[in-house]
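Novice: Would you mind keeping the following structure in view while I ask a few things?
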Amino acid sequence: MSTARFSILTAKKNKSGLYPIVLRITSGNYRKYVFTGYYCLKDEWDDETETVTSNYTAKAPSRTLINSNLTKYRARVQDIHDQFIRDGITDYTPEQFINALGKKSKGRVTVFNAFTERINELHNLGREGYSRVFKGVLGVFKTFRGGKDLFLSDLSPKVLEEWIYYLRNNRGIADITINNYLRTTRTLYLYAIKKGWVRSEYYPFREIKVSEFSTETSPRALDDNKLIELLKLEITPDLQLAKDIFVFSFFGRGITFIDVVHLTPKNIQDGNIFYERKKLTKRPVRVVFPIRDEIKEILDRYSDPERGYLFPILDENKHITQWQKLDRIKKVRFRVNRDLKTIGRQIGIEGLTSYWSRHTYASYMFRKGMPVMMIKESLRHKNLKTTEIYLKSLGLDAIADFEDQVFNNL
């Protein structure tokens, strides 16, 4: 007789040393596996009860959540098995069972559960940052829905339009952020179709065009006078780190906060800093910039070989796991941006953040005559359009400056 049981697949250990929890369908000597998206260690699994044991130590996803979802999944598996027996099919093939499982489940997976499954899967793969993107969108969507879940097949264009209206009018969310929420949700839906959780004909983004929402960022750059004022500004010790990160980024070709955080002594080579951008891309983007005097002064201020990182944000002796690193980065980023707002107010600028330094670098170089293609390369943008967005607001001023130089020589 064919069987369907939950087990762990010991031949598929991931980088974290965890084994996937799978549904194992057996017919004679032939087996096939359906991945649940959950992982655990060998001694955390009880093959007799088909559950995660009390030895399980991970905080997310919790043991309770995994076992609860396995119980629901098991009920569906049992129903399919019983139906085969009632139909007189005792030796069903794995393919027959998987097809029946797919037909039963399609359109019945909820939006909240789909997000949660993907978040847990990314967590188990060690992609903590990406999992937090989905977690953030799920939180916003839950608030919009008042905690009321719905099936993926019911996530219609009308529901998405209501969500967009809510974000714009009830929450005052900018279009660029709405664009990010929609893109993440669209990515999840496509993933759900691929997993067989929902049929492709329910796909709601044929009518909702994410591209209609502007992705252009508003100008966030200091002009020359404000830049010089910030560079010369005497600040109190509690604001030193925030100013140093801004200055380091400006002289470091707009290096982002997340990349600054991860710099180690190994990134210093022959008087330059080499690093690969942390921004999600299919291919690593390698960046290099020289250690100018302004950068060297900052590096010397925070030099500590025991810490393992160039800046006093992460410490290899304290921040071991990916979650510990992400929590630390989140807290420091909040404090740095809060302190930069304080610094900004001292020079008459509201809303100054660490990302202004990247825009300021691009704007400053443009005003000094650096060609746009060279700015694109220095910022390591994938395409010219992104660079043009950075510089869009400078067009008329740059034309006027150029005219002044020309007309003054008449």
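The values are calculated or read from the model by the stated rules, or taken from the named source; none is laboratory data. Computed from a predicted model, the values in this text were never measured in an experiment. Every residue, glycine as well, gets a Cβ built from its backbone with ideal geometry; the counts of neighbours run over all protein chains shown.
Novice: If a residue must be over 27 Å from ALA60 (Cβ atoms), over 23 Å from the mean Cα position of the chain (by Cα) and of a type in the set (Lys, Arg), how many such residues does segment 135-192 contain?
Specialist: Here the count works out to 1.
Novice: More than 25 Å from LEU222 (Cβ to Cβ) and either assigned to a helix (DSSP H, G or I) or touching a residue at least 60 places away in the same chain (Cβ under 8 Å) (or both) - does that describe any residue in segment 329-338?
Specialist: Yes, that holds for at least one residue.
The rows are residues; the columns are (1) among the acidic types (Asp, Glu); (2) surrounded by fewer than 18 Cβ atoms within 10 Å (Cβ to Cβ); (3) not assigned by TED's automatic domain parsing to the domain that holds LEU122.
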{"site": "PHE257", "(1), (2), (3)": "no, no, yes"}
{"site": "ASN267", "(1), (2), (3)": "no, yes, yes"}
{"site": "PHE274", "(1), (2), (3)": "no, yes, yes"}
{"site": "ASP304", "(1), (2), (3)": "yes, yes, yes"}
{"site": "ILE313", "(1), (2), (3)": "no, no, yes"}
{"site": "TRP323", "(1), (2), (3)": "no, yes, yes"}
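Novice: Then there's this: On the basis of being of a type in the set (Lys, Arg) and outside any strand (DSSP E or B), does LYS32 make the cut?
Specialist: no
Novice: Among the residues of segment 345-380, how many are assigned to a helix (DSSP H, G or I) and either without any contact (Cβ under 8 Å) to a residue 24 or more places away in the chain or among the β-branched types (Val, Ile, Thr) (or both)?
Specialist: Adding up the residues that qualify gives 9.
Novice: Could you pull out the residue among ASN14, ASN113, ASN67 that is closer than 26 Å to ARG186 by Cβ and either touching a residue at least 12 places away in the same chain (Cβ under 8 Å) or assigned by TED's automatic domain parsing to the domain that holds GLN324 (or both)?
Specialist: Exactly one of ASN14, ASN113, ASN67 is closer than 26 Å to ARG186 by Cβ and either touching a residue at least 12 places away in the same chain (Cβ under 8 Å) or assigned by TED's automatic domain parsing to the domain that holds GLN324 (or both), namely ASN113.
Novice: Filter segment 82-93 down to the residues that are surrounded by fewer than 19 Cβ atoms within 10 Å (Cβ to Cβ) and touching a strand residue (DSSP E or B) at 6+ places or on another chain (Cβ under 9 Å) and list them by number.
Specialist: Across segment 82-93, the qualifying residues are ASP91, THR93.
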